[in-house]
Amino acid sequence: NNAKSIAIKVFEKIGIESDLNFDRIKTVKTNTMFEKYTGMNVDVGQIKVAYVFKNSIGEIYIDAKTGDCIGGDIYKELDGIIGAPELTYTIESINAAKKGLSKLGYTPIKSKNSQNFRTEVPNILKSGVKVFYSCSHGNTNVISSKKDEDNKDRQFHRNNVPSGNYKFIYLDACNTGKNSDWANAFGIYDGTTSNKAFLGWYESVGQKLSYDFFSTTLEKT
């Protein structure tokens, strides 16, 4: 119980309020993940026996002998993907996104090949995703499927981006990176936001060129 209370206090300092549960006692390698929140100087790379506590956000190590926080990790997870089904390389791009994001430690929890951007995009974003990839048509204001082009259900407007803790956004569509409007909509501000990134095209782009760029980049990740 004392070890758990120590772990909870560290997570509270970070601002993580999710439940924290005991996982197991195991040998761990010490690291400085939580050093700045505890004020303790951790001797990095030492093998220690620790109580490990986890939640959906991360895990923390409490030294079984001293009761000190000796490291842990914050999980990189939660990403969403959507594609416009009429595009030739949509399925390939979605699969490439899953592969690349998995390499980076993210777990796709939402993936859609759907025409209904108006409903599906908010559903994905509101599920708590930190990473989002869209393979679609687009411009500086809208990403969309162009089947039944006049149908408003096919369009998602940047003004409707729900608030969230977005870490990486890739809108694989024409002109989404032409200015900073889309990035700003996701709370990713040029030059002022650290540990976050936005990627979009600054001009019109073809399906094959887009896919070739994406798949080749991921192979080098």
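The values are calculated or read from the model by the stated rules, or taken from the named source; none is laboratory data. Just so it is clear, the structure is predicted and the values come from calculations on it, not from any experiment. Note that we place each Cβ from the backbone using ideal geometry, even for glycine, and neighbour counts take in every protein chain shown. Only protein heavy atoms, including side chains, enter the accessible area calculation; ligands, DNA and RNA are left aside. Shrake-Rupley method; radii C 1.70, N 1.55, O 1.52, S 1.80 Å.
Straight-distance candidates among the lysines for linking to Lys146, with alpha-carbon spacing under 23 Å and chain neighbours fewer than 8 residues away dropped: Lys110, Lys112, Lys178, Lys208.
Only helices at least 15 Å long along their own axis, judged from Cα atoms, and with Kyte-Doolittle mean hydropathy of 0.0 or greater: name those in the chain from DSSP H.
On the way: long enough: 2-14 (19 Å, 0.35); 90-103 (20 Å, -0.36); 207-219 (18 Å, -0.42).
Going by DSSP H runs, the hits are 2-14.
With an a/c value of 1.5 or above and a/b not larger than b/c for the gyration tensor axes a ≥ b ≥ c computed over the alpha-carbon atoms, region 142-207 is described as oblate.
Accessible surface area normalised per residue over the chain is 54 Å², counting heavy atoms of protein chains with a 1.4 Å rolling probe. Carbon-plus-sulfur accessible fraction, the chain (probe radius 1.4 Å, protein heavy atoms only): 45%.
Database remark: amide H of Asp68 closer than 5 angstrom to the amide H of Asp63 (H placed geometrically; neighbours at sequence offset of 5 or more, or on other chains; Pro and chain starts carry no H). Extents of the chain, largest first, come to 65, 32, 31 Å (Cα atoms, principal axes, whole angstrom).
Count Lys and Arg as plus one, Asp and Glu as minus one, and take only other residues whose Cβ is under 11 Å from that of Asn165; the net charge is then +3. Dipole of the chain computed with +1 at Lys/Arg Cβ and -1 at Asp/Glu Cβ about the Cα centre; of Val142, Asn31, Gly100, farthest Cα towards the positive end is Asn31. The magnitude of the dipole of the chain, with charges of +1 and -1 set on the Cβ of Lys/Arg and Asp/Glu and taken from the Cα centre, is near 360 debye.
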